[in-house]
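A.B. asks: Structure below; questions to follow.
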Amino acid sequence: MDNALTIDNLTKTYANGFQALKGISLEVREGDFFALLGPNGAGKSTTIGIVCALVTKSAGKVRIFDHDIDRDFSRAKRLLGLVPQEFNFNIFEPVEEILVNQAGYFGIERKTGFERAERYLKLLGLWDKRRSQARELSGGMKRRLMIARALVHEPRLLILDEPTAGVDIEVRHSMWKFLRELNAAGITIILTTHNLEEAENLCRNIAIIDEGRLIENTSMKQLLGRLHMETFVLELRHPVGRLPRLEPDCLRKIDDTTLEVDIDRDRSVNALYEQLSRHGIEVLSMRNKTNRLEQLFLHMLQNGTDGEERP
Amino acid sequence: MNLHDQLIAYKTIVIKEVLRFGRIWVQTIVPPVITVSLYFVIFGNLIGSRIGEMDGFSYMDYIVPGLIMMAVITNSYANVVSSFYGCKFHHNIEELLVSPIPSYLIVLGFMTGGVARGLAVGAAVTAVSMFFTELQFHNPVVIITIVLLTSMLFSLAGLLNAVFARSFDDISIVPTFVLTPLTYLGGVFYTIHLLPEFWQNVSRLNPILYMVNAFRYGFLGVSDIGIFWSYAIIIGFTAALYGIAVYVLHIGLGIRK
């Protein structure tokens, strides 16, 4: 399979001298569901901006399905759809018109534009709002409108910058389902998000950018495999007084009916249950204290990919 | 993008622009018509009757072409400067930037939108002027070509203003402090032969003088400026502004980070 996106030694220095990207190279395979993570100001949006022609690069090469964005920008742009982080439509335009116009900018006849607008507005649950001005939509609807707009020219690569920011749980889950269906239909998806549960749930491969440099680029499975320890929260049926000593010593008391336990990934959870059971402690429920990727992400930003503390 | 797709993209921008000013016609078409009607009443009828003739025509007949041209100029400019700056302000310029439309087509599309509004307002003002005077059409070809070229020129100027503007103040500075004075001093209300020679020469540095006089020539057959020079100046400015607009959009000045 080809690469959907190839970024080669990309640099960006803004007019004020700030170097946002310091030579990023990255490949995203066709059909992938790819997460691009990093803290605020790391360079994610700049990278996406360059790929989508919203930001001019200082140096480097970008190819979309092997079409160079400098030499063959027309073909490259046709294959690319962008859902930006900020709402960027004319709030006074009717919803349907926004989609038909966007199709027109890609050379799609108005009649076909209306047909596609109907299709994607129905898919995203916005058909009833087609005559409404965009400003009348709720936050979740505006996000869905931007997804519909990005799909109207039927791109093969879809880039979403924080697509579920500010939407409620129900909308978020329906958007995840929709994105999975798109990916299953063959559309390559690149996602930036601060919601690491989202990245872990959706993406197969991941890159982490920090301070304009790529600090990690691997599969989600491999990355999560590096997590040696997981912290769980245990809810107990009855209050517990003094904590029993367990081997290894990994238990902490939060309150009378809540315990926290660190478990090595190689250790069986059954052994823990057996030990607790021997001391008459009955566990009602168990959950991860934090999202696994979040734990790892914070650790990498603080200590680097090799686990060494940063100066 | 092949020619067929480019034509669709161009048509899309034009339709979007026309729908934009058409949706808010009470703000875009009606006010200039009322303003120019007041000029007709006050300067044409009330004061004009005491002024007498100018260049062999009644004062009303003399100022009608200039007032139509003034409405075309200000509205072509205003349409593009507000629309394009609005696109920048709301970030929906990004809809165009992520698409494969070449820069020259974006410029052409917005320019055509400005021309459409300029001509719509010009037609409305012309219709109103017929209540005040009997219009003559000395040379319709000159009327049509000059009004088209002038509205193209000022649409492009409005586009450039919007590209460089960083706030809403920036899009009102040029119309207020440059465009309006140049229009008023561009021979709309008088022939420059009334001025001392020095000020006649200074007036010749004002490009709007050439447009107003060429347009008046189309209606009345009189002009302070040779018609050839008018065409040369208007075409020259239009070509230069088009080239600059395409270039600044191509390098992303004011629209790309």
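A.B. asks: For the range B:157-169, does any single residue satisfy the condition of being crowded, with 20+ Cβ neighbours inside 10 Å, touching a Phe, Trp or Tyr at 6+ places or on another chain (Cβ under 6 Å) and closer than 30 Å to residue B:51 by Cα?
C.D. replies: No, the range B:157-169 contains no residue that is crowded, with 20+ Cβ neighbours inside 10 Å, touching a Phe, Trp or Tyr at 6+ places or on another chain (Cβ under 6 Å) and closer than 30 Å to residue B:51 by Cα.
A.B. asks: Considering each of B:14, B:98, B:18 in turn, give the residue that is within 14 Å of chain A (Cβ to nearest Cβ) and in contact with a strand residue (DSSP E or B) (Cβ under 8 Å, 6 or more places away or on another chain).
C.D. replies: Testing whether each residue is within 14 Å of chain A (Cβ to nearest Cβ) and in contact with a strand residue (DSSP E or B) (Cβ under 8 Å, 6 or more places away or on another chain) leaves just B:98.
A.B. asks: For the range B:44-69, how many residues meet the condition of being in contact (Cβ under 8 Å) with a residue 60 or more places away in the chain and under 23 Å from residue B:143 (Cα atoms)?
C.D. replies: Going through the range B:44-69 one residue at a time, the tally reaches 16.
A.B. asks: I'd like the residue in the range A:166-182 that is surrounded by fewer than 19 Cβ atoms within 10 Å (Cβ to Cβ) and either in contact with a Cys (Cβ under 8 Å, 6 or more places away or on another chain) or under 15 Å from residue A:35 (Cβ atoms) (or both) and, out of all such residues, is modelled with the highest pLDDT.
C.D. replies: The selected residue is A:180.
A.B. asks: Let me ask you something else. If you go through the range B:24-34 one residue at a time, do you hit one that is of a type in the set (Val, Ile, Thr), touching a residue at least 40 places away in the same chain (Cβ under 8 Å) and within 14 Å of chain A (Cβ to nearest Cβ)? Spell out the reasoning first.
C.D. replies: Just the residues of the range B:24-34 that are of a type in the set (Val, Ile, Thr), to begin with: B:24, B:26, B:28-30, B:33-34.
Right, trim to touching a residue at least 40 places away in the same chain (Cβ under 8 Å) and you get B:28-29, B:33.
Narrowing further to those that are within 14 Å of chain A (Cβ to nearest Cβ): B:28.
For the range B:24-34, residues of a type in the set (Val, Ile, Thr), touching a residue at least 40 places away in the same chain (Cβ under 8 Å) and within 14 Å of chain A (Cβ to nearest Cβ): present.
A.B. asks: When the residues of the range B:1-11 are narrowed to those that are in a helix (DSSP H, G or I) and of a type outside the set (A, V, I, L, M, F, W, C), which ends up farthest from the other protein chains (Cβ to nearest Cβ)? Talk me through it step by step, then tell me what you get.
C.D. replies: Going through the range B:1-11, the residues in a helix (DSSP H, G or I) turn out to be B:3-11.
When the remaining residues are screened for being of a type outside the set (A, V, I, L, M, F, W, C), the result is B:4-6, B:10-11.
Working: B:4: 7, B:5: 3, B:6: 7, B:10: 9, B:11: 7 Å.
Only one residue fits best here, namely B:10.
A.B. asks: Still on this structure: What residue, among those in the range A:66-113 that are closer than 17 Å to residue B:87 by Cβ, without any contact (Cβ under 8 Å) to a residue 60 or more places away in the chain and within 23 Å of the chain's Cα centre (by Cα), is farthest from the other protein chains (Cβ to nearest Cβ)?
C.D. replies: Of everything passing the filter in the range A:66-113, A:87 is farthest from the other protein chains (Cβ to nearest Cβ).
A.B. asks: Starting from residues that are without any contact (Cβ under 8 Å) to a residue 60 or more places away in the chain and small (Gly, Ala, Ser), keep the ones in the range A:114-160 and report whichever is farthest from residue A:64 (Cα to Cα).
C.D. replies: Checking each candidate, the answer is A:132.
A.B. asks: Considering only residues that are within 25 Å of the chain's Cα centre (by Cα) and part of a helix (DSSP H, G or I), which ones fall in the range B:84-105?
C.D. replies: Result: B:84, B:85, B:86, B:87, B:88, B:89, B:93, B:96, B:103, B:104, B:105.
A.B. asks: In the range A:198-227, what residues are within 23 Å of residue A:150 (Cβ to Cβ) and out of contact with any Gly (no Cβ under 6 Å at 6 or more places or on another chain)?
C.D. replies: Residues satisfying the conditions are A:198, A:199, A:201, A:202, A:203, A:204, A:205, A:206, A:207.
A.B. asks: Kindly indicate whether any position in the range B:201-220 is among the polar types (S, T, N, Q), modelled with pLDDT under 95 and exposed (fewer than 14 other Cβ atoms within 10 Å of the Cβ).
C.D. replies: To start, the set of residues in the range B:201-220 that are among the polar types (S, T, N, Q) comprises B:201, B:203, B:206, B:213.
With the extra rule that they be modelled with pLDDT under 95, the set shrinks to B:201, B:203, B:206, B:213.
Checking the rest, the ones that are also exposed (fewer than 14 other Cβ atoms within 10 Å of the Cβ) come to B:201.
Checked the range B:201-220: at least one residue is among the polar types (S, T, N, Q), modelled with pLDDT under 95 and exposed (fewer than 14 other Cβ atoms within 10 Å of the Cβ).
A.B. asks: What do you reckon, is residue A:208 at pLDDT 80 or above, among the aliphatic types (A, V, I, L, M), in the same structural domain as residue A:164 (by TED's automatic domain parsing) and in contact with an Asp or Glu (Cβ under 7 Å, 6 or more places away or on another chain)?
C.D. replies: Considered against the rule, which asks whether it is at pLDDT 80 or above, among the aliphatic types (A, V, I, L, M), in the same structural domain as residue A:164 (by TED's automatic domain parsing) and in contact with an Asp or Glu (Cβ under 7 Å, 6 or more places away or on another chain), residue A:208 comes out as yes.
A.B. asks: Would you check if residue A:42 is surrounded by 21 or more Cβ atoms within 10 Å (Cβ to Cβ), more than 17 Å from residue A:152 (Cα to Cα) and either at pLDDT 95 or above or in the same structural domain as residue A:215 (by TED's automatic domain parsing) (or both)?
C.D. replies: Considered against the rule, which asks whether it is surrounded by 21 or more Cβ atoms within 10 Å (Cβ to Cβ), more than 17 Å from residue A:152 (Cα to Cα) and either at pLDDT 95 or above or in the same structural domain as residue A:215 (by TED's automatic domain parsing) (or both), residue A:42 comes out as yes.
The values are calculated or read from the model by the stated rules, or taken from the named source; none is laboratory data. Predicted model only: the values in this text are computed from it and were never measured. Don't worry about glycine lacking a Cβ; one is built from the backbone with ideal geometry, like all the others, and counts go over all protein chains shown.
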